[in-house]
């Protein structure tokens, strides 16, 4: 998973090993508890998730993505790294 946009990032709490903080452009940070079956690496703008249980991995990734899905016009938000996003055209200027 990766973020697109200004000010969107993932932070890991080292005091609580399964806790991630999301800074997603809101006025507050979002704390998310990762299940113990899922291993993760937290880079600044990327979040790598690993698990042998594919269903639990998919559900966790979709819950993280639901906090800030990609905007259809600019593409800003949390998206999967393999996700191809087709952007909508904006308003056309009349002459």
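The values are calculated or read from the model by the stated rules, or taken from the named source; none is laboratory data. What you see is a predicted model, and the numbers here were worked out from it, not measured in a lab. Positions of Cβ are generated from backbone atoms using ideal geometry, with glycine treated the same way; all protein chains shown enter the neighbour counts.
Structure values in brief
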item: Residue in segment 18-34 that is assigned to a strand (DSSP E or B), free of Cβ contacts under 8 Å to residues at least 40 places away in the same chain, touching a helix residue (DSSP H, G or I) at 6+ places or on another chain (Cβ under 7 Å) and surrounded by 12 or more Cβ atoms within 10 Å (Cβ to Cβ) present; result: yes
item: Segment 38-49: number of residues that are modelled with pLDDT of 90 or more and in contact with a helix residue (DSSP H, G or I) (Cβ under 8 Å, 6 or more places away or on another chain); result: 2
item: Which numbered condition residue 78 misses (of (1) surrounded by 14 or more Cβ atoms within 10 Å (Cβ to Cβ); (2) under 17 Å from residue 17 (Cα atoms)); result: (2)
item: Single condition residue 68 does not satisfy, out of (1) surrounded by 13 or more Cβ atoms within 10 Å (Cβ to Cβ); (2) modelled with pLDDT under 90; (3) not in a loop (DSSP other than H, G, I, E, B); result: (3)
item: Qualifying residue in segment 51-60 (condition: in contact with a strand residue (DSSP E or B) (Cβ under 8 Å, 6 or more places away or on another chain) and under 27 Å from residue 88 (Cβ atoms)); result: no
item: Residue satisfying condition, being modelled with pLDDT of 85 or more and surrounded by 15 or more Cβ atoms within 10 Å (Cβ to Cβ), within set 87, 57; result: 57
item: Verdict on residue 43 being touching a residue at least 12 places away in the same chain (Cβ under 8 Å), exposed (fewer than 13 other Cβ atoms within 10 Å of the Cβ) and within 16 Å of residue 13 (Cα to Cα); result: yes
item: Residues satisfying the stated conditions in segment 2-17, i.e. assigned to a strand (DSSP E or B) and under 12 Å from the mean Cα position of the chain (by Cα); result: 2, 3, 4, 8, 9, 10, 11
item: Meets criteria (under 11 Å from the mean Cα position of the chain (by Cα) and loosely packed, with under 13 Cβ neighbours inside 10 Å) for residue 52; result: no
